[in-house]
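The structure appears right after this line, and notes come after that.
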Amino acid sequence: MRSAYYHYYITCGERDLFFKLMHPKTERTLVIVKPDGIQRTLIGEIVKRYERLGLKIVALKMFVPTERMIEEHYLLDPDWKKNVGEKASASYKKKGEMPPSSDPIEVGNLVVTRLKKYMTSGPVIAMVWEGAHAVELVRKITGGTEPRSADIGTIRGDFVVDSYQMADSDNRAIRNLIHASGSVAEAKMEIPHWFAPEEIINYRTPQEATLYDVDMKNILG
Ligand code: GDP
Ligand code: MG
């Protein structure tokens, strides 16, 4: 189904403009290098992995988040707490353990409390990355939530040893170096939560001319 934007541009006779504005290369996603990523001095390694793919940074800042900003971030999606609570409860049961509560919302609350402590423990770096399928590709490179089971070759799989089991034993959030938006809809909510419009810079790079070149003309002299 076409979006309201599509119908608006068609009505205005601007079909080509619509496709230009909605081109996949304009997709943006939020990445936060979490406090453990900064402590492990992995900023360069993390940035390199997204950058070498062809994505570009359009906004970046370093700061110590407040608990309020973190809580709001995780609750931007009203279903997140319930979903994460259900996910966590299922993983406890799979291990043959009892979840801390039978209510997924309560389990979600526990996850949020631990995340607030973890995410406010030191500086983080928040970035907006732009490029074709930015959300999906950043997630692919970042790897699964639990480093222990994240694929080899992903950032979480290559650089951390943490597991839900260790995090639960120590009553803390799992340390997985990075937050990355989980979907385009999530990115659309998360980016304005951390960045004012004027902090995001529209600019071009020479490599984009190659990555998104349509007809590959004018290469041979
Ligand atoms: P992400 O998008 O891969 O970071 O994963 P989610 O959005 O599902 O979860 C966000 C954060 O909640 C994770 O980085 C973990 O710290 C925590 N979390 C998610 N799922 C679980 C779980 O099953 N158990 C526990 N203990 N924590 C979880
Ligand atoms: Mg997520």
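The values are calculated or read from the model by the stated rules, or taken from the named source; none is laboratory data. Bear in mind that the values here come from a model prediction, so they are computed numbers and not experimental data. Ideal geometry is used to build each Cβ from the backbone, glycine not excepted, and the neighbour counts take in all protein chains shown.
Output yes when any residue across segment 213-221 is under 18 Å from Glu51 (Cβ atoms) and away from ligand 1 (no atom under 11 Å from the Cβ), and no when none is.
Filtering segment 213-221 for residues under 18 Å from Glu51 (Cβ atoms) gives none.
No: zero hits.
Looking at Lys25, is it within 16 Å of ligand 1 (Cβ to nearest atom), assigned to a helix (DSSP H, G or I), out of contact with any Cys (no Cβ under 7 Å at 6 or more places or on another chain) and at pLDDT 90 or above? Considered against the rule, which asks whether it is within 16 Å of ligand 1 (Cβ to nearest atom), assigned to a helix (DSSP H, G or I), out of contact with any Cys (no Cβ under 7 Å at 6 or more places or on another chain) and at pLDDT 90 or above, Lys25 comes out as no.
Any idea which residue in segment 195-206 is modelled with the lowest pLDDT, counting only those that are assigned to a helix (DSSP H, G or I) and loosely packed, with under 12 Cβ neighbours inside 10 Å? Give the derivation first.
Let us first name the residues in segment 195-206 that are assigned to a helix (DSSP H, G or I), namely 197-199, 206.
Retained after the next criterion (residues that are loosely packed, with under 12 Cβ neighbours inside 10 Å): 197-198, 206.
Numbers: Pro197: 97, Glu198: 98, Pro206: 92.
The selected residue is Pro206.
Being exposed (fewer than 15 other Cβ atoms within 10 Å of the Cβ) and on the phi > 0 side of the Ramachandran plot is a condition met by at least one residue of segment 151-164.
Checking Ala209, Ala187, Ala167 one by one, the residue that is part of a helix (DSSP H, G or I), of a type in the set (A, V, I, L, M), within 16 Å of ligand 2 (Cβ to nearest atom) and at pLDDT below 95 is Ala167 and no other. Modelled with pLDDT under 95 and out of contact with any Asp or Glu (no Cβ under 9 Å at 6 or more places or on another chain): which single residue out of Lys81, Lys48 fits that description? The unique qualifying residue is Lys81.
Inside segment 180-189, residues that are crowded, with 17+ Cβ neighbours inside 10 Å and over 15 Å from Lys140 (Cβ atoms) make up a count of 1. Restricted to segment 90-160, the set of helices (runs of 4 or more DSSP H) holding at least 1 residues that are more than 16 Å from ligand 2 (Cβ to nearest atom) and closer than 30 Å to Thr41 by Cβ comprises 104-119, 155-159.
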